[in-house]
Amino acid sequence: MSKRALITGITGQDGSYLAELLLSQGYQVWGLVRGQANPRRSRISRLMSDLYFVDGDLMDQGSLVAAVDRVQPDEVYNLGAISFVPMSWQQPELVTEVNGMGVLRVLEAIRIVSGLNGSRNGGSQIRFYQASSSEMFGMVTESPQCEKTIFHPRSPYGVAKAYGHFITRNYRESFGMYAVSGILFNHESPRRGAEFVTRKISRAVANIKLGYQDKLALGNLDAVRDWGFAGDYVRAMHLMLQQDGPTDYVVGTGRMNSVRDAARIAFEHVDLDWRDHVVVDPDLVRPAEVETLCADARRAEAELGWTPTVDFAGLMRMMVDADIRQVSREREYEDLQVAVGW
């Protein structure tokens, strides 16, 4: 029989790439969604027709127990989260509930269902992956950062993710669960939300190149990140759950680029000078900035055999090309609506 995987956050960037990967490997893939009328469910269903869905909410323990019990998964990937860091200062309690307590609720659901069913599948157990974040490192004590680097998060988002990371470790040590965390550094793609800085840049470049926009407002141009391609990073997630024993891993490229680099590469790709279009908006600077994050992913490379396949320049060019196509389609549709009088 094929393996079953349950993915929270399946309608997001990582969830969609992971679902594609698992389907290609013969998995039966289930996505946890809040409400059957969820519009994002419809979009991912059009992208992948072989998905199954189950109702559940990271803020509702009972719904998670029911979902895990119904699906009877071999693997659970907890990718569901409020992932836009600046929002965590605006709604810190909500972000903590979803990104922190939500992890606890999924772990509890797995523990309860496993206990109710006893030994599953000839003695195997549900394997759990938690999406931890490089934002947990925050004010870094060393660079690059590895699995042993001390956490000093600089946002409510990072604090909540640190709780999720430690409670995953606690359930592994307390109950013998196969539970791991992937400490993933920034990873982007054409599916990234428009509020994230790399997608904000690529979208603006497309609009500017096509004549629909003139200026792009950004915050701290000197902020540095280790950015990679989301399609590469979901491979690491899957590999972590295929090992003999549960271990946490740092996943990143080990190369740093600034927001300024991202803008320069994106504008150069369409033969424009970023300095003619980018303006700095002080209101977009975070209250407590994380200046430098860079991954030491040697353990993932040595033990998982994982290495990234897309470099940062290639990633930004990929995103710009995708946004040019998307903006062109959107404008053509708008023109058609005007032409027919809608």
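The values are calculated or read from the model by the stated rules, or taken from the named source; none is laboratory data. None of these values were measured; they are calculated from a predicted model. Methodologically, a virtual Cβ is constructed for each residue, glycine included, from the backbone with ideal geometry; neighbour enumeration extends over all protein chains shown.
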Within the bounds of the stretch 121-129, is there any residue that is modelled with pLDDT under 95, buried (at least 21 other Cβ atoms within 10 Å of the Cβ), assigned by TED's automatic domain parsing to the domain that holds residue 9 and not basic (Lys, Arg)?
no
Suppose we filter the stretch 104-116 for residues that are in contact with a Leu (Cβ under 8 Å, 6 or more places away or on another chain) and surrounded by 17 or more Cβ atoms within 10 Å (Cβ to Cβ); how many remain?
3
Within the stretch 227-247, does at least one residue satisfy the condition of being among the polar types (S, T, N, Q), surrounded by 17 or more Cβ atoms within 10 Å (Cβ to Cβ) and assigned to a loop (DSSP other than H, G, I, E, B)?
no
Say whether the condition of being touching a helix residue (DSSP H, G or I) at 6+ places or on another chain (Cβ under 7 Å) and surrounded by fewer than 17 Cβ atoms within 10 Å (Cβ to Cβ) is met by at least one residue in the stretch 182-195.
yes
Any idea which residue in the stretch 130-163 is surrounded by the most Cβ atoms within 10 Å (Cβ to Cβ), counting only those that are basic (Lys, Arg) and in a loop (DSSP other than H, G, I, E, B)?
154
Note on the stretch 80-99: residues under 15 Å from the mean Cα position of the chain (by Cα), assigned to a helix (DSSP H, G or I) and not aliphatic (A, V, I, L, M) are 99
Does any residue of the stretch 312-326 turn out to be of a type in the set (Val, Ile, Thr) and at pLDDT below 95?
no
Scanning the stretch 210-252 residue by residue, those among the polar types (S, T, N, Q), more than 21 Å from residue 19 (Cα to Cα) and free of Cβ contacts under 8 Å to residues at least 24 places away in the same chain turn out to be 213
Which of (1) over 28 Å from residue 245 (Cβ atoms); (2) at pLDDT 95 or above; (3) under 17 Å from the mean Cα position of the chain (by Cα); (4) not small (Gly, Ala, Ser) is the odd one out, the single condition residue 203 does not satisfy?
(3)
